[in-house]
Amino acid sequence: MKILQAGRKFFQNHYPRDHLYIAGSITSLMVLILLIPDKNQEASNSGGIRSIPIPVVSQEQDPSQLVLSGTVTPAESVAIEQIEAHASAWQNFEVASGDNLSQIFAKAGLSDRDLFRVLNSSDEAQILNNVYPGYQLNFLIPEKGLLDQLRVLKSPLEGYLFKRSGNDFSVEEIKKKADIRKAFKVGKITDSLFMAGQRENIPAAHLIEMANIFGGVIDFILDPREGDRFSILYNEEYLDGDLIGNGEIIATQFINQERTFTAIRYINEVGELGYYSPDGESMRKAFLRNPLDVFRISSNFNPRRRHPILNTIRAHKGTDYAAPNGTPIRATGDGRIKRASRYGSFGNLVIIEHAGGFETKYAHLSRYHKNTKPGTRVRQGDVIGYVGSTGGATGPHLHYEFLVNGVHQNPRTILDKLPKAESIGPEEMRRFNNQTEQLLSQFEDYNNGRLINFIQKNTD
């Protein structure tokens, strides 16, 4: 008995546990082979050769992905049980808001002592002090209370692998590269932009991004009409053949009442990404037409509107956007936050000062974005707060005002009077053409082929 115990201890200390599992599987398979009758004898007994599927496990292969078929013999079941035991030993957790490592280790059946050993195994282990919601933690626990491996995945592409070595853990960085493929989608509006995108399986984030790209030239509440068409060329990220994420938009086009708007991605010399028309005009205007992505207009700018609460004629100096409570509110232009505090009937109010004597106001917010503080600079499209009903509000909505040199203007019409967008300068035009020419040609080929087919399919 002492000899057996000593042997067992030797193997545990000198050979990785995964290797022992594989060695056990191989041993079982060798026994199986010895039990299989001679081919000729098999043929003489049954008139043919019986094929038995044998799973093969490599160190790189996840045993849980193996698919077994056919009749399983007792000898095969031994190997299968070992494989399944290895696979089932993995416990997977996704970090949620409010979680901590001690709680997650406890859920996996591990103690704070195990956590302490991992944290103190190496300098690299300090990555565990910065685990955020959304991270994946995979524990390999072949025996109750025994942690053999820990995978910490920031994303499907990167993370760290902790492997037991005696009482300590070694750390390996996980770095994978996604396979980038182009995706081209087209849509036709019969109800709304988002419903049209949903029918064609276009990611909602890309629909919002497309609306932001064209936000300076198209009002996606008032302008779109039934029959309008759009197309998007964007990147998709794949890992081991599975879609793991969607990349940025490469090019997009929107045909609104026979007006065609095309935008192409361009990265300038300092690394700034923007979207431009094929002739180099920036699609980014000084101000977005709307501060919300999802909304309906409940009240327009009206100098003689009857106030819904006071029942008196009182000028409505802005536009009201009805939207669900908590809807993100975006800064319509670059500027500096002048105010972020409660102010009378406005409730929670944000005021942004912009260059050129422009000022925008955002009222009735439920709460502010964490970075929304007086004096802070914001970029167009930054989230500054969230829709609410604070102050003199009858329901969740955003009250939005636009001022020019202290005078209130109609936010729905003033943008048409503002200066046009900047274009690519002559000195940069060659670089712009070199970067976008091939992409535009590819995008046009997609549009000339698949978009035409799509239109025909939807008109038959």
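The values are calculated or read from the model by the stated rules, or taken from the named source; none is laboratory data. Because the structure is predicted, anything quoted here is derived from the model rather than measured. Don't worry about glycine lacking a Cβ; one is built from the backbone with ideal geometry, like all the others, and counts go over all protein chains shown.
Data table
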quantity: Subset tally (residues that are polar (S, T, N, Q), in contact with a strand residue (DSSP E or B) (Cβ under 9 Å, 6 or more places away or on another chain) and farther than 30 Å from P328 by Cβ) for segment 163-210; calculated: 1
quantity: Strands (runs of 3 or more DSSP E) contained in segment 237-301 and holding at least 1 residues more than 26 Å from the chain's Cα centre (by Cα), in contact (Cβ under 8 Å) with a residue 60 or more places away in the chain and surrounded by fewer than 17 Cβ atoms within 10 Å (Cβ to Cβ); calculated: 296-299
quantity: Segment 358-379: number of residues that are touching a Gly at 6+ places or on another chain (Cβ under 8 Å) and not β-branched (V, I, T); calculated: 12
quantity: Boolean, F230 is within 18 Å of I264 (Cα to Cα), assigned by TED's automatic domain parsing to the domain that holds R265, among the aromatic types (F, W, Y) and in contact with a Leu (Cβ under 8 Å, 6 or more places away or on another chain); calculated: yes
quantity: Test result for Q91, surrounded by 11 or more Cβ atoms within 10 Å (Cβ to Cβ), out of contact with any helix residue (DSSP H, G or I) (no Cβ under 6 Å at 6 or more places or on another chain), at pLDDT 55 or above and closer than 28 Å to K175 by Cα; calculated: yes
quantity: Cβ-Cβ under 9 Å pairs, at least 6 apart or on other chains, segment 88-114 side over 20 Å from N130 (Cβ atoms), far side of a type in the set (D, E) and surrounded by 15 or more Cβ atoms within 10 Å (Cβ to Cβ); calculated: A89/D148
quantity: Segment 184-223, residues that are assigned to a loop (DSSP other than H, G, I, E, B) and under 14 Å from N290 (Cβ atoms); calculated: F214, G215, G216, V217, I218, D219, F220, I221, L222, D223
quantity: Residue count for segment 275-331, restricted to those that are among the hydrophobic types (A, V, I, L, M, F, W, C) and modelled with pLDDT of 80 or more; calculated: 10
quantity: Matching residues, segment 140-156, being farther than 16 Å from F105 by Cβ and touching an Asp or Glu at 6+ places or on another chain (Cβ under 8 Å); calculated: P142
quantity: Residue match in segment 220-235 (condition: surrounded by fewer than 20 Cβ atoms within 10 Å (Cβ to Cβ), modelled with pLDDT of 90 or more and more than 15 Å from S192 (Cα to Cα)); calculated: yes
quantity: Members of segment 424-455 that are at pLDDT below 80 and not charged (D, E, K, R); calculated: G449, L451, I452, N453, F454, I455
quantity: Given (1) outside any strand (DSSP E or B); (2) over 29 Å from the mean Cα position of the chain (by Cα), number of the condition P324 does not satisfy; calculated: (2)
quantity: Elements of type strands (runs of 3 or more DSSP E) in segment 353-429, at least 2 residues being crowded, with 19+ Cβ neighbours inside 10 Å; calculated: 358-368, 383-387, 397-404
quantity: Qualifying position, being part of a strand (DSSP E or B), among the charged types (D, E, K, R) and within 21 Å of the chain's Cα centre (by Cα), among R164, R181; calculated: R181
quantity: Test set (1) at pLDDT below 85; (2) closer than 21 Å to Y276 by Cβ - D191 fails condition number; calculated: (2)
quantity: Boolean, F169 is assigned to a strand (DSSP E or B) and modelled with pLDDT of 90 or more; calculated: no
